[in-house]
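Data first, discussion second: the structure below is written as structure tokens.
The values are calculated or read from the model by the stated rules, or taken from the named source; none is laboratory data. This one's a predicted model, so the numbers in the text were calculated from it and none came from an experiment. Here Cβ is always computed from backbone atoms with ideal geometry, including for glycine, and neighbour counts include all displayed protein chains. Surface areas here come from the heavy atoms of the whole protein model, side chains and all, with no ligands, DNA or RNA. Shrake-Rupley method; radii C 1.70, N 1.55, O 1.52, S 1.80 Å.
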Amino acid sequence: METYSMENNQDINIAKEILRIRFSQMIVNEKYGAGLFKIPIHLALGHEAIAVAVDSVMQENDRLVLSHRNIHYNLARTKALKPILDEYLLKKEGLAKAELGSMNLANEARNVAYTSSILGNNLPVATGLALGQKVKGSNGLVIVVTGDGAMEEGSFYESLLFAKSNSLAALVIIENNNWSMHTKIEARRSNIDLPKFAASLGASYEKLNGNDVYEYIEHLKKIKEKSLTSKIPTVLEVDITTLGGWYVEVDGNKEGRYIHLHAGPTSKITLAEWPEIEQSANDPIFVLQKYFAADILKTMSQEILKSIKEEISEA
Amino acid sequence: MKYIEYINELIGKKTAETEKLVLFGQNIAAGSHLSGLTKGLKVGDGGLIINAPNSENTLTGLGFGMMLDGVSSIFFMKQLDFLLLGIDQLVDTYNFVRRKKLTVSYTIVPIISDLGYHGLQSSFNNFGDIASVARIPGFTITNKVDAEEIINTHLVSSGFRIIGVSQRLFGQEILDVGKSYSNNEKTLFQYREGHKATIVCFNLAFPYGLELYNKLKEKGIDSSLFSVNAVTPIEWSKIIENVKKTENLVVIDDSKSENLSCDNLLVDVLEQCQLNNKIVVKRELRGNEWLYPNPDLLQIDYDGIVSQLSSK
């Protein structure tokens, strides 16, 4: 049903996807808080824009390789919540027949070829996939998602070096949320100058921020074309804020210490018909309002939430 | 023919006839070609030979990535201990890949540093430990028969495995003693059938076992000679039945692991067999001297064993 007016000629289905993935995560969060899951799950509230953008540029021969925080990409690729929920509930009807749970969840049928719970582990596998594409003469791009913590691992350097040395088309997306578990970058390491690092290996470097999914899609299309043409790996750093954290009081200061939402549910976010969490560019839902009027988005949200609840038989 | 020449020849024949096969590893197409292991190797149509950078974690994962995309590969590795840098790929990635019914092949061929003179790293003559971290099919090559059967059966076949070769044996003439039996999995080889003693070799100990067999034969003690070329436990009822007949067991395990493969057999034998003699030859590792450059030879009192088995 298409009852909404298009503004700025942007595809409204993209906005719907952002909302669907947000709502889906909020539902997972509710169930997580209610103690329904035995497995650890890493929510990616605030990560929706890059996931939808990646999904929208992927084609038949492309491969996606994920890490432990993968719910947003799996929701984007799978286009449904129920098989993912069932997987989290370790039901045989789950997306991976209860074999993978959350942290290793892949979906080969939708080109999510591999997912690893180990920091940096997926980079060598993605490099192998890219080499496989080369041997087969495929025109696909391997997209691997990692983070500002995993890029500290030696495999980040090793894999880029191998990919460049062997002219492999690969896109390494670094979701930089400034946290590795509960430690900020500044508290654990010196700065890594990624543009210089990439340049030192002859790889390309790109950066995205602002959570504008439409801008992300346009950039990704260009990056993909360039990587496939040049056969040079690209490092794409995406600034992200993982939403759902909270402050704890320290010495009378109510905002004494910030707790980053690494894994587990957050009590700071509750399911509502309007899923915006933060009124800033940190929240892709907020950014959608650049393109669509608030009342349109809210009407759309209600319908999407209803649709998801029907999908999981909770309407 | 030397051990390494024969293995190189077998590998070369297999890789040349396989299409779209990727061979990769450090120095596999340069210098000594891993002391001759990869010398002159060719691949069939559409294949690649990659002289790779020194990035063992990535190289270990590379093969799994290719598997997921339907491409077969072989990773040749200069020393088994280099594989320690890829352990998480052997465990976590393999656990992901093994769920799938893949028809493609990935084999890692490391050289086991059992020569001893490499110093501290030579302490890692522990092939079984590497393979057992994720119950990976693992095979060792000790002679002409097991080389031919293991390489022809497993080097390029569905799934993942590690095939270890002995650095100590590289320059020696390959042992060619024929066989009387090997199982389909190529995990168990029997070379001689006798009725007075059962000799079972583990890891890379076959040359020691053969020497013992010959010394016993000189004294008129006809022995059965087995080699378990894989990570244990395996289906070894053939050995158990033989021990029940001979009632004399000699196990030889030259691994430096705390968890010796031979121990699994001993448990089963002691549960199921009456023994006149149980002789276990393994390393006595005390202090730190075993870590330092040394000949790494297993100390065997051949005369003592012959004497013990002659007395019953």
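Cα-Cα over 24 Å: which of A:Lys164/B:Lys39; A:Lys134/B:Lys100; B:Lys14/B:Lys186; A:Lys38/A:Lys97; A:Lys31/A:Lys290; B:Lys238/B:Lys278? In this structure, A:Lys164/B:Lys39; A:Lys31/A:Lys290 exceed 24 Å between Cα atoms. Eigen-decomposition of the gyration tensor built on the alpha-carbon atoms of region A:240-315 gives equivalent ellipsoid semi-axes of 29, 17, 10 angstrom, largest listed first. At 1.4 Å probe size, what's the solvent-accessible area of B:Phe82? Round to the nearest 10 Å². Surface open to solvent at B:Phe82 totals about 60 Å². Computed over the alpha-carbon atoms, region B:67-209 gives an Rg to Rh ratio of 0.98, Rh here being the Kirkwood radius from the mean inverse distance. If only the Cβ of Lys and Arg carry +1 and only the Cβ of Asp and Glu carry -1, the dipole of the protein assembly as shown around its Cα centre is close to 1080 debye.
With no solvent and one point per C-alpha, what does the Debye sum give as log10 I(q)/I(0) for the protein assembly as shown at q = 0.11 Å⁻¹? Each listed q corresponds, in turn, to -1.03. Remark: chain B carries 39 Å² of accessible area per residue (probe radius 1.4 Å; ligands, DNA and RNA excluded). Secondary-structure-derived ellipticity at 222 nm for chain A, considering helices only, amounts to -12000 deg cm²/dmol, per-run term -39500 (n - 2.57) for DSSP H runs with n ≥ 4. By the equivalent-ellipsoid construction on the alpha carbon gyration tensor, region A:122-266 comes out with semi-axes of 33, 16, 13 Å, ordered largest to smallest. Each residue was assigned an accessible area with a 1.4 Å probe, and for B:Thr18 the value is about 20 Å². Using the empirical formula 2.2 N^0.38 Å as the baseline, the Cα radius of gyration of region A:130-207 reaches a ratio of 1.20. Here is the size of region A:1-119 from its Cα atoms: Rg then Dmax, 14.5, 44 Å. Does region B:146-191 come out rounded, prolate or oblate, given a ≥ b ≥ c as the square roots of the eigenvalues of its C-alpha gyration tensor, rounded meaning a/c under 1.5 and, failing that, prolate meaning a/b above b/c? Here region B:146-191 falls in the oblate category. All Cα-Cα separations within chain B were binned at 10 Å from zero, giving a P(r) of 6, 27, 34, 22, 9, 2, 0, each value a whole percent of the pairs.
Size descriptors for region B:150-278 (Cα atoms only): Rg and Dmax, in that order, 14.7, 46 Å. The Stokes-Einstein estimate for region B:93-168, based on a Kirkwood radius over Cα pairs and taken at 20 °C with 1.002 mPa s viscosity, is a diffusion coefficient of 159 µm²/s. Taking every protein chain into account, the accessible area of region A:1-109 amounts to 36 square angstrom per residue (probe 1.4 Å).
Counting Cα-Cα pairs of region B:1-141 in 10 Å increments starting at 0 gives whole-percent bin shares of 11, 42, 38, 8, 0. What helices does chain A hold that run 27 Å or longer along their axis, going by alpha-carbon atoms, with a Kyte-Doolittle average of -0.5 or more, using DSSP H for the helix calls? Helices meeting the span and hydropathy rule in chain A are A:12-33. Apolar share of the accessible surface for chain A: 47 percent from carbon plus sulfur atoms, 1.4 Å probe. Based on Cα contacts under 8 Å between residues 6+ apart, chain B shows a relative contact order of 16 percent. Enclosing the Cα atoms of chain A in their convex hull gives a volume equal to 138 cubic angstrom per residue. Using only protein heavy atoms and a 1.4 Å probe, how much accessible area in total is buried between B and A, to the nearest 100 Å²? Buried area (both sides, nearest 100 Å²): 2300 Å².
Solvent-accessible area assigned to carbon and sulfur over region B:1-99 amounts to 49 percent, based on a 1.4 Å probe.
If you add up the charges near A:Lys224, with Lys and Arg at +1 and Asp and Glu at -1, over every other residue whose beta carbon is less than 12 angstrom from its beta carbon, what do you get? Result for the local shell: -1.
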